[in-house]
1. Would you check if F106 is open to solvent by less than 70 Å² (accessible area, probe 1.4 Å) and either touching a residue at least 12 places away in the same chain (Cβ under 8 Å) or polar (S, T, N, Q) (or both)?
2. Condition first: at pLDDT below 95 and under 11 Å from the mean Cα position of the chain (by Cα). Now tell me which residues in segment 101-118 satisfy that.
3. Of all residues in segment 110-129, how many are surrounded by fewer than 20 Cβ atoms within 10 Å (Cβ to Cβ), of a type in the set (A, V, I, L, M, F, W, C) and closer than 24 Å to R65 by Cβ?
4. Answer yes if at least one residue in segment 88-100 is open to solvent by less than 60 Å² (accessible area, probe 1.4 Å) and without any contact (Cβ under 8 Å) to a residue 12 or more places away in the chain, and no otherwise.
5. Which residue is farthest from V124 (Cα to Cα), if the candidates are limited to segment 55-77 and must be open to solvent by 30 Å² or more (accessible area, probe 1.4 Å) and hydrophobic (A, V, I, L, M, F, W, C)?
6. What is the residue count in segment 22-37 for residues that are at pLDDT 85 or above and of a type in the set (D, E)?
7. Please work out if K123 is of a type in the set (K, R) and under 13 Å from the mean Cα position of the chain (by Cα).
8. When you look at L48, is it in contact with a helix residue (DSSP H, G or I) (Cβ under 9 Å, 6 or more places away or on another chain), among the hydrophobic types (A, V, I, L, M, F, W, C) and surrounded by fewer than 21 Cβ atoms within 10 Å (Cβ to Cβ), yes or no?
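The values are calculated or read from the model by the stated rules, or taken from the named source; none is laboratory data. These figures come from a predicted structure and were not determined experimentally. Heads up, the Cβs are rebuilt from the backbone with ideal geometry, glycines too, and the neighbour counts pull from every protein chain shown. Accessible surface is based on the protein model in full, side chains and every heavy atom, while ligands, DNA and RNA are left aside. Shrake-Rupley method; radii C 1.70, N 1.55, O 1.52, S 1.80 Å.
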Amino acid sequence: MNLRILILTLLITGCSEATPEFEKLAVEISHEKSVKFDSGYWQVGGNLQSANAMAWQKASFQNKRATCSVFLEALIQQNKLNIEDSSDENIKKMSEELVYLLNERFKMVGNAQKNEESFKHLKVSNEALIVIKSLKWHKNV
């Protein structure tokens, strides 16, 4: 691997690491939604806030979308999401776009062993923040 690419990747990852507080807030929001809404509601059922990419690969679309919505809600509560329309429908669209991009990022590679070596160390929350920042959805506050 090109040394410059490796260094750049490490810098980006280091700057985009999800804090334990961010993950904790996302878990709390997920719990609140599970209490507030029926199990069939699109924002209920996300449990990948602290998971790695291997868990993401095995998760259902509903779980992924609900997890992404919780990440977005956490950023809204922290006033770190660049968003003018925080309607339920817009958050749903943004969550689905984030799912698509994370699916691309975590696409299985090689055999099971190679896939595990490639993805077991990647946290969903960190990678989601990297994608959110690349989309310019994250405020620099």
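1. On the way: open to solvent by less than 70 Å² (accessible area, probe 1.4 Å): yes; either touching a residue at least 12 places away in the same chain (Cβ under 8 Å) or polar (S, T, N, Q) (or both): yes.
Judged against the criteria, F106 is a match.
2. none
3. Number of matching residues: 1.
4. Of the residues in segment 88-100, the ones open to solvent by less than 60 Å² (accessible area, probe 1.4 Å) are 90-92, 94-95, 98-99.
Now drop any that are not without any contact (Cβ under 8 Å) to a residue 12 or more places away in the chain, which leaves 90.
Within segment 88-100 (the criterion being open to solvent by less than 60 Å² (accessible area, probe 1.4 Å) and without any contact (Cβ under 8 Å) to a residue 12 or more places away in the chain), the answer is yes, since at least one residue qualifies.
5. By that ranking, first place goes to I76.
6. 2
7. Numbers: of a type in the set (K, R): yes; under 13 Å from the mean Cα position of the chain (by Cα): yes.
Answer is yes for this residue.
8. Details: in contact with a helix residue (DSSP H, G or I) (Cβ under 9 Å, 6 or more places away or on another chain): yes; among the hydrophobic types (A, V, I, L, M, F, W, C): yes; surrounded by fewer than 21 Cβ atoms within 10 Å (Cβ to Cβ): no.
When the stated conditions are applied, L48 does not pass them.
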